[in-house]
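Heads up: the structure comes next, in structure tokens.
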Amino acid sequence: MSVAGAELVLEDVSVRFPIYSGSSQSLKKRLLFQGSGGRLGRDVHHRIVIEALRNVSLSFQAGDRVALIGANGAGKSTLLRVMAGIYEPLLGTVTSRGRISPMLELGLGIDNELSGYDNIRIRGLILGLNTREIEEKMGDIAEFTELGDYLDIPVRTYSSGMLTRLTFAISTCFTPEILLLDEWIMAGDAAFILKAQRRLESFIEKTSIVVLASHDSGVCRRWCTKGVWLERGEVAAQGDVDRILDAYAGKTRG
Amino acid sequence: MMSRQDQQLRLALLDVVSGFARWPLWIRLGWNDILMRYRRSVLGPFWLTASMGIMVAVLGLLYANLFNTSVQEFLPFLCVGILVWNLISSFLVEGGMLFTSAESFIKQIRLPFSVYVYQSAWSKLIIFAHNLVIYFAVLVYFGIWPGAVALLAIPGLLLILVNGALASLSLGVMSARFRDIPQFVNSIVQILFFVTPIMWKPELLKDQRLLDLNPFYHLVEIVRQPLLGAVPSLRDYITVVFISALNIALSGAIFVRFRSRIAYWV
């Protein structure tokens, strides 16, 4: 698949979450005070729904590095999941070309009872690689984790720092065409963070389209060229990352 | 431009086909499901075999006595019946959790939903294979030889797997939305165990027409009869084919209609 041809287009996408549980009345009262979240509404069956995304239209081509910014509950994670094809929108269309890899949570598919090596194999299979491709990458992953013989024993014996190294290495060893990142999940010792950043940088460089949801404006400026500002499920502004970040900072400062 | 219905149909078919193509994934995950339960135990998955073996032996002796039949005749019948019923009921009982238990996967990455169906069917087949050891032990102990007719159990088993997978798919989708369904199915399955001729021989029933009211009787028969050395009746096969057609239509309709909602519901 040609990396240059990667593309991700959203046309007029709206996503609603129906709320089924609990008393709708009290829930409504509670949610009305969450000013930053998605709008509340009612659907045709008079159920309470959260309008997580409203009429979102975006178009990204190869080479785009996009920062998603907005308050908690503005719809950043939902938008990433729509891009990843996890939530199929009721209205609007999502078209994409190129292999998409969502890195929403580092721990996807991690089985504590399996060895580090087996966890790497499972993650590779989840991402759609075949056994041969996985074995080819094995040396590279093992080397990055610096876990040595620990990779032969169950993951439950790992410290949290070791686990972070393993999951991070697994998540970043298979280069997709479209990479979706949620927040900056990092723990571990300082030396590891430095190393992780270098790896992530080269990972991002190899990827054709990157969409990153983050609160950290420094991170956004450093890695992204475009900015999309989400406000209560709608695109408030999009364009050059510095302009959008400045506008957003101005708004939040009041 | 395709209509929304056509598009949903196409996506559902694509899901079923591309899910099957991910067999290295679901075969591995299905194995892990079983290993996870018995990890660090000495017998491992053979715990299932051991407990089932004890149950067959004890109930076989007791019920042969109760019904005044010979153990030689009753115990093999009971053994095969329980093995097959266990397979069928596990599809129904665990089907409700099919998607809710995979929430961490469904919310993190887009995989064909059918992957979870194949995974669960595969792990149930592995459990059945472990339990089959008891069947062979019974054959040896009582000196029974079913003959080549036993091979007819293979198409029967396939029919049960297909129907079980479809039923668990429907139950999984509906239970993701209505969380009471698994509890409801649980109590129904318990009743089905007693009304289906597993602990008692079908010949004992005064009104034989009652058997036809129970589709599970025919599903059990198409595997039980061959394993005991007899050919299932044509009536059994016709009924099962009819059930399968109904199941395909119903589960297909549910999957086409609600596939895109599963991620929202779990």
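Scanning region A:121-159 for residues that are touching a residue at least 40 places away in the same chain (Cβ under 8 Å), within 12 Å of chain B (Cβ to nearest Cβ) and either open to solvent by less than 20 Å² (accessible area, probe 1.4 Å) or in a loop (DSSP other than H, G, I, E, B) (or both) yields a count of 4. Evaluating B:S70 against the criteria (1) closer than 25 Å to A:E113 by Cβ; (2) away from chain A (no Cβ under 14 Å) leaves one unmet condition, (1). Take A:G107 and tell me if it is within 11 Å of chain B (Cβ to nearest Cβ) and either closer than 24 Å to A:I178 by Cβ or of a type in the set (A, V, I, L, M) (or both). Here the answer is yes, as A:G107 does meet what is asked. Among the residues of region A:148-181, the ones that are at pLDDT 85 or above and aromatic (F, W, Y) come to 2 in all. Take A:S96 and decide whether it is open to solvent by 10 Å² or more (accessible area, probe 1.4 Å) and either within 20 Å of B:W31 (Cβ to Cβ) or within 10 Å of chain B (Cβ to nearest Cβ) (or both). No: the conditions fail for A:S96. The set of residues in region B:102-113 being crowded, with 18+ Cβ neighbours inside 10 Å and more than 11 Å from chain A (Cβ to nearest Cβ) consists of B:F113 alone.
Return yes or no: is B:R10 within 14 Å of chain A (Cβ to nearest Cβ), part of a loop (DSSP other than H, G, I, E, B) and out of contact with any Phe, Trp or Tyr (no Cβ under 7 Å at 6 or more places or on another chain)? Judged against the criteria, B:R10 is not a match. The helices (runs of 4 or more DSSP H) located wholly in region B:164-266 that include 1 or more residues which are hydroxyl-bearing (S, T, Y) occupy B:181-195, B:215-227, B:234-258, B:262-265. Candidates in region B:32-47 are the residues that are open to solvent by 40 Å² or more (accessible area, probe 1.4 Å), outside any helix (DSSP H, G or I) and closer than 20 Å to B:V133 by Cβ; of these, the one that is nearest to the other protein chains (Cβ to nearest Cβ) is B:S41. Look through region B:89-101, keep the residues that are open to solvent by less than 10 Å² (accessible area, probe 1.4 Å) and small (G, A, S), and return whichever of them is nearest to the chain's Cα centre (by Cα). If we take residues in region B:89-101 being open to solvent by less than 10 Å² (accessible area, probe 1.4 Å) and small (G, A, S), then B:G95 is nearest to the chain's Cα centre (by Cα).
If the condition is being open to solvent by 50 Å² or more (accessible area, probe 1.4 Å), part of a helix (DSSP H, G or I) and touching a residue at least 12 places away in the same chain (Cβ under 8 Å), then region B:141-154 contributes B:L151, B:L152.
For (1) under 18 Å from the mean Cα position of the chain (by Cα); (2) closer than 26 Å to B:V138 by Cβ; (3) without any contact (Cβ under 8 Å) to a residue 60 or more places away in the chain; (4) surrounded by 15 or more Cβ atoms within 10 Å (Cβ to Cβ), each residue gets a yes or a no:
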{"site": "B:S3", "(1), (2), (3), (4)": "no, no, yes, no"}
{"site": "B:R10", "(1), (2), (3), (4)": "no, no, yes, no"}
{"site": "B:I27", "(1), (2), (3), (4)": "yes, no, no, yes"}
{"site": "B:G30", "(1), (2), (3), (4)": "yes, no, no, yes"}
{"site": "B:T49", "(1), (2), (3), (4)": "yes, yes, no, yes"}
{"site": "B:G60", "(1), (2), (3), (4)": "no, yes, yes, yes"}
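For region A:72-90, indicate whether the set of residues that are under 26 Å from B:A21 (Cα atoms) and more than 15 Å from the chain's Cα centre (by Cα) is non-empty. So far as region A:72-90 goes, yes, one or more of its residues are under 26 Å from B:A21 (Cα atoms) and more than 15 Å from the chain's Cα centre (by Cα).
Out of the residues in region A:220-254 that are open to solvent by 20 Å² or more (accessible area, probe 1.4 Å) and among the hydrophobic types (A, V, I, L, M, F, W, C), state the one that is modelled with the lowest pLDDT. Top of the filtered list is A:W223. Within region A:48-93, the set of residues being among the small types (G, A, S), surrounded by 20 or more Cβ atoms within 10 Å (Cβ to Cβ) and away from every other protein chain (no Cβ under 14 Å) comprises A:A67, A:G70, A:A74, A:G75. In this structure, A:L114 qualifies as facing chain B (nearest Cβ under 10 Å), crowded, with 19+ Cβ neighbours inside 10 Å and of a type outside the set (V, I, T). Can you spot a residue in region B:72-86 that is open to solvent by 10 Å² or more (accessible area, probe 1.4 Å), over 25 Å from B:F216 (Cβ atoms) and part of a helix (DSSP H, G or I)? Within region B:72-86 (the criterion being open to solvent by 10 Å² or more (accessible area, probe 1.4 Å), over 25 Å from B:F216 (Cβ atoms) and part of a helix (DSSP H, G or I)), the answer is yes, since at least one residue qualifies.
Does at least one position in region B:225-235 carry a residue that is surrounded by 17 or more Cβ atoms within 10 Å (Cβ to Cβ) and of a type in the set (V, I, T)? Checked region B:225-235: no residue is surrounded by 17 or more Cβ atoms within 10 Å (Cβ to Cβ) and of a type in the set (V, I, T).
Within this structure, A:L79 fails the test of being in a helix (DSSP H, G or I), touching a strand residue (DSSP E or B) at 6+ places or on another chain (Cβ under 7 Å) and modelled with pLDDT under 90. Yes or no: B:P197 open to solvent by less than 20 Å² (accessible area, probe 1.4 Å) and over 22 Å from B:F91 (Cα atoms)? It is false that B:P197 is open to solvent by less than 20 Å² (accessible area, probe 1.4 Å) and over 22 Å from B:F91 (Cα atoms).
The values are calculated or read from the model by the stated rules, or taken from the named source; none is laboratory data. Worth saying up front: this structure is predicted, and the values here are computed from it rather than measured. When we count neighbours, we look across all protein chains shown, and the Cβ atoms used for this are built from the backbone with ideal geometry, even at glycine. Heads up: the accessible areas ignore ligands, DNA and RNA and are worked out on the full protein's heavy atoms, side chains in. Shrake-Rupley method; radii C 1.70, N 1.55, O 1.52, S 1.80 Å.
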